[in-house]
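Structure first, then comments.
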Amino acid sequence: MTASLLTSLARFGEALAARRWLIFVVTGIGFIATIIVSRCGLIDQYVELVAMYVGINIILALSLNLVNGYMGEFSVGHAGFMAVGAYGASILSVKVFSSGVWVFPLAVACGGVLAALAAVVVAIPSFKTRGDYLAIVTLSFNMIVKSVLENIDYVGGPRGFLGMQKLTTLPWTFAWTVVSVWAIRNFVYSNIGRGVLSIREDEIAGAAMGVDTRKVKLHAFVVSSFFAGVAGGLYAHLLQFISPRTFDIIKSTEILIMVYLGGVGSIAGSIAGAVIYTVLIEALRFLGQWRMVIMPLLLVLLMIYRPKGIFGLMEFRWFKPITTKKHHDKIPVSATASSNKSPERDVELLVIDGLTHYFGGLCALSDFNLRLGAGGIMGIIGPNGSGKTTLFNLISGYYRPSQGSIVFDSNEITRLRPNEINALGVARTFQNIRLFNNLSVADNVRVGMFNSVNYNAADAMLRTRRFNECEGRDVDDCVRELLSLFELERYGQDMAATLPYGLKRRLEIVRALATRPQLLLLDEPAAGMNPAETGALMELVQRVRDEFKLTIMVIEHHMSFIMGLCERIAVLDFGVAIAAGSPDEIKNDKKVIEAYLGSSGLKNYRAQRGT
Ligand code: ADP
Ligand code: MG
């Protein structure tokens, strides 16, 4: 019985997913139904009240999920934003306009805007803090809001705020819930949403792929808080009484429970979490205060047995975007994916002067100089710990150098942030592969296109024409072509984590190419590969150079790889450049052989060669 019911539900879901317009029809019917039901008193008032709580809680859970689930931050003071929305909307409807039904949607929206403004203040410390620290920042925010409200007599201080009309009705709750689900879903499945996910997966890799992490965090906080504020406005006009205590840490915890119960990073999960929590809390009323013990206990059990919530990262198909199958006019991907503005050969693309970097007392790189023309492949070799990765980290903006300067394509990039450097045309891969493991292969590449889209968050949330054109044509086509060019197309929908090792390395290169670089930095791309895989990789790197007209710098220990590919090689030892030149020059350089083999090794080498 239950199984067949679930199957029918799943079929219904599939049908909805296949015909998007059906969603509009179903929502429209739902809205009309809520009007009829509440006007004609078809359901019990208590049931109607619980239904409204469910709607408000769905909005709250979704909005918190955006920050905690999708972005992977840990915000614990969400009730603070709800309070700002609730008080803001109530001041408008009671004090400014002194009621009036027509003013209600405007008041709720204004409450949301005020909460969004508060979010800007909270987002700024979040640029620097993560995890526990962000939890403390948001918790403090929640407490500050509560204390401030307690001290404002205009809104009743600790006694609370009265006088709101009961303007929150079932149809209004339904409408706001649908709008919230729709807007947050659209936000998540967009360029900026992929930026949000990349922060959760690997913030460093995200920034290296051009994601402006500050902008993305600010957007996510603002959108999340707007909807928390909306929920606050609805709540205030349902209860008709709010006090600072309504929005204390317990309220914040309730929202956290809903998110983690349903599933982090899933819209369906947030909806399920909110429904289950609200209904259970009502059903367990007979337990009195004990129900407040049962729910957290349930959460603890869930965290032990299903730490990502009931739904985990799973999503219902109808919340996901439709994947277009149509191909548009083929643009050669080398033209779309690589930069058109690569300068002529002999023009210096990268100029490094006196680059020095210390880690405490350790000089990881000392007075490194380089003039690199456009085109060609340059190898960087040296024993372990000689400063090769540090050099890449400095060029790509991950570290600020202690001394020296880096000029790329006539731009001083020494003090720029990684995403700014990427936007200028420097892309990289990492020594320890840093893919976005819980994103699909195609989405990994899409993140690489962060700076190639020309629509903003509002376009994404409203699904404007600009959004549809850019996502459908520029992004999807380019991703498809890049994947097929590197024979990854059939893995497009697979999670990056499930790829075999060799393909992970390849995907990392493809993701870097999606950022349209002029200079590609490859950090030990053949590490851990067998000879056949190394051979295939060599071909791939050559193809990338030829078809994408890139300049490549590659760190490698496989000598056959370096000697076979590079026109020029620089050798580092203990942070100092000990040699530079053609493969032949490097092979016979005394200092290089000594660095690799030690001075006794050098003697043996000479004895063998009779020199
Ligand atoms: P390579 O890539 O040539 O193997 P690295 O550039 O990773 O070498 O490291 C150069 C030196 O800097 C090593 O001695 C290493 O221990 C040190 N080092 C690298 N990263 C850090 C860091 N984040 N903090 C402290 N020391 C570091
Ligand atoms: Mg290294």
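The values are calculated or read from the model by the stated rules, or taken from the named source; none is laboratory data. A quick note: this is a predicted structure, and the numbers were derived from the prediction, not measured. Cβ: placed from backbone, ideal geometry, glycine included. Neighbour counts: every protein chain shown.
Comparison of A532, A512 shows that the only residue that is among the small types (G, A, S), away from ligand 2 (no atom under 16 Å from the Cβ), over 25 Å from the mean Cα position of the chain (by Cα) and in a helix (DSSP H, G or I) is A532.
So, in the stretch 399-413, exactly how many residues are assigned to a loop (DSSP other than H, G, I, E, B) and crowded, with 20+ Cβ neighbours inside 10 Å? Selection size over the stretch 399-413: 3. Would you mind stating whether S339 is surrounded by 15 or more Cβ atoms within 10 Å (Cβ to Cβ) and either under 25 Å from the mean Cα position of the chain (by Cα) or modelled with pLDDT of 95 or more (or both)? Yes; evaluated as a whole, the condition is true for this residue. Scoring S386 on the criteria (1) farther than 23 Å from G502 by Cα; (2) touching a Leu at 6+ places or on another chain (Cβ under 8 Å); (3) in a helix (DSSP H, G or I); (4) in contact (Cβ under 8 Å) with a residue 60 or more places away in the chain leaves a single failure, condition (3). Suppose the filter is touching a Leu at 6+ places or on another chain (Cβ under 7 Å) and either within 16 Å of ligand 1 (Cβ to nearest atom) or at pLDDT below 90 (or both); does V554 pass it? In short, yes. From the list S440, S410, S405, the one residue that fits, being without any contact (Cβ under 8 Å) to a residue 12 or more places away in the chain and more than 15 Å from ligand 1 (Cβ to nearest atom), is S410. Selection of the stretch 131-190 for residues being over 19 Å from H237 (Cβ atoms) and in contact with an Asp or Glu (Cβ under 7 Å, 6 or more places away or on another chain) yields L134, K146, G157, P158. Do we have any residue at all in the stretch 1-20 that's at pLDDT below 75, exposed (fewer than 11 other Cβ atoms within 10 Å of the Cβ), outside any helix (DSSP H, G or I) and more than 33 Å from the chain's Cα centre (by Cα)? Within the stretch 1-20, one or more residues are at pLDDT below 75, exposed (fewer than 11 other Cβ atoms within 10 Å of the Cβ), outside any helix (DSSP H, G or I) and more than 33 Å from the chain's Cα centre (by Cα). Of the residues in the stretch 421-435, at least one is part of a loop (DSSP other than H, G, I, E, B), within 13 Å of ligand 2 (Cβ to nearest atom), under 21 Å from Q518 (Cβ atoms) and not β-branched (V, I, T).
Output the number of residues of the stretch 277-286 satisfying the condition of being crowded, with 18+ Cβ neighbours inside 10 Å and of a type in the set (V, I, T). The qualifying residues number 2.
When you scan the stretch 536-550, do you find a residue that is within 16 Å of ligand 2 (Cβ to nearest atom), assigned to a loop (DSSP other than H, G, I, E, B) and either under 25 Å from L439 (Cα atoms) or out of contact with any Phe, Trp or Tyr (no Cβ under 8 Å at 6 or more places or on another chain) (or both), even just one? Steps first, answer last, please.
At the first step, the residues of the stretch 536-550 found to be within 16 Å of ligand 2 (Cβ to nearest atom) are none.
Checked the stretch 536-550: no residue is within 16 Å of ligand 2 (Cβ to nearest atom), assigned to a loop (DSSP other than H, G, I, E, B) and either under 25 Å from L439 (Cα atoms) or out of contact with any Phe, Trp or Tyr (no Cβ under 8 Å at 6 or more places or on another chain) (or both).
When only residues in the stretch 374-396 that are over 23 Å from P583 (Cβ atoms) and in contact with a strand residue (DSSP E or B) (Cβ under 8 Å, 6 or more places away or on another chain) count, which is farthest from ligand 1 (Cβ to nearest atom)? Looking at the filtered set, the residue picked out is S396.
Quick grid of which residues meet (1) within 16 Å of ligand 1 (Cβ to nearest atom); (2) buried (at least 17 other Cβ atoms within 10 Å of the Cβ):
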| site | (1), (2) |
| --- | --- |
| N454 | no, no |
| F467 | no, yes |
| Y491 | no, yes |
| P500 | no, no |
| L507 | no, yes |
| A526 | yes, yes |
| E539 | no, no |
| V544 | no, yes |
| H558 | yes, yes |
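The condition (being over 32 Å from the mean Cα position of the chain (by Cα), assigned by TED's automatic domain parsing to the domain that holds M143 and closer than 23 Å to G163 by Cβ) is satisfied by just one residue among F81, F104, F31: F104. Kindly indicate whether G387 is of a type in the set (G, A, S), within 23 Å of L565 (Cβ to Cβ) and within 32 Å of the chain's Cα centre (by Cα). Yes: the conditions hold for G387. I'd like to check something: does the stretch 421-429 contain any residue that is among the charged types (D, E, K, R) and within 30 Å of G528 (Cα to Cα)? So far as the stretch 421-429 goes, yes, one or more of its residues are among the charged types (D, E, K, R) and within 30 Å of G528 (Cα to Cα). For the stretch 364-377, a residue qualifies if it is more than 16 Å from ligand 2 (Cβ to nearest atom) and not in a loop (DSSP other than H, G, I, E, B), and the qualifying residues are S366, D367, N369, L370, R371, L372, G373, G376, I377.
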